[in-house]
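These notes concern the structure reproduced below.
The values are calculated or read from the model by the stated rules, or taken from the named source; none is laboratory data. From a predicted model like this one, the values you see are computed outputs, not experimental measurements. Here the Cβ positions follow ideal geometry from the backbone for every residue, glycine too, while neighbour counts run over all protein chains shown.
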Amino acid sequence: MKNWFWLGVILLFSEGLAAQTATKRDTIKIGKETVITGDTLIVTGSDSLKNVKDTDGKKKFMPVPKTATRLALIPGMGQIYNRDYWKLPIVYIAFGGGLYTYYLNSLKYHDYLSAYKDFYDLDKNSPTYGQIKKGLTADSTKIVRVRNTLNTSSQYLPATRDRIAKGKNYWRRNRGFALIVTGLIYTLSIIEANVAAHLKTFDLSEDLSLRIEPKLHQPSMTTPTPGLRLVFNLK
């Protein structure tokens, strides 16, 4: 009976020692995971964009997207900051063309508007204010002076009141459309500067290769099956 008693005591103590040993091993594993986490952070910190270098060993220019966006509020400055000088003619031609189209349509709109006003009595002290002038009707004809490109020449076109009104509305719509297009061009130049700055932060090697390699494939078979795989290397 005493032998059985001492045997039970020995077994209890052995289980306690095993539990303590397991706890210590678990603690050691946790400690290793903490160290690995710290090492990972250190590697990530050293692999920053500030330390990216080109093939010549020089520090590579990395633009800040926020700065590029702010500078792009002045047309072309964002592209200059990103060192995309070849984009400047595109930005200036598109933006300048939109502004010139707006100016030209506005010029013609005011010509037709001036001719349209000539049909009406615009004297606020007159009893016929806002009405067609005496001696004129809707079918009366007036000469409209339409200025051309850069206001260097003009055309003089005869037109009735209704035709002048249609021309006035036509050039006014074109002027509004030109203003919208110019605003879109301005917005796109800002977006382009921001996107280009973001793309320049990706450090892709010039040594890009795609090759075919053999591979043993074993999805659900007992023996491996020969096959091929495509390997794309960045660096």
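Quick check on my filter: what residues within segment 110-130 are of a type in the set (Phe, Trp, Tyr) and in contact (Cβ under 8 Å) with a residue 40 or more places away in the chain?
Taking segment 110-130 as the starting set, the residues that turn out to be of a type in the set (Phe, Trp, Tyr) are 112, 116, 119-120, 129.
Answer for segment 110-130, where residues must be of a type in the set (Phe, Trp, Tyr) and in contact (Cβ under 8 Å) with a residue 40 or more places away in the chain: Tyr112, Tyr116, Phe119.
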Every residue from segment 133-170 that is touching an Asp or Glu at 6+ places or on another chain (Cβ under 8 Å) and touching a residue at least 24 places away in the same chain (Cβ under 8 Å)
Ala138, Lys142, Val144, Arg145, Val146, Arg147, Arg161
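Here is a yes/no grid of residues against (1) on the phi < 0 side of the Ramachandran plot; (2) surrounded by fewer than 19 Cβ atoms within 10 Å (Cβ to Cβ); (3) assigned by TED's automatic domain parsing to the domain that holds Ile191; (4) not in a loop (DSSP other than H, G, I, E, B):
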site	(1), (2), (3), (4)
Arg70	yes, yes, yes, yes
Ile74	yes, yes, yes, no
Gly78	yes, no, yes, yes
Leu88	yes, yes, yes, yes
Val91	yes, no, yes, yes
Gly96	yes, yes, yes, yes
Tyr103	yes, yes, yes, yes
Tyr109	yes, no, yes, yes
Leu113	yes, yes, yes, yes
How about segment 119-150: which of its residues are outside any loop (DSSP other than H, G, I, E, B) and small (Gly, Ala, Ser)?
none
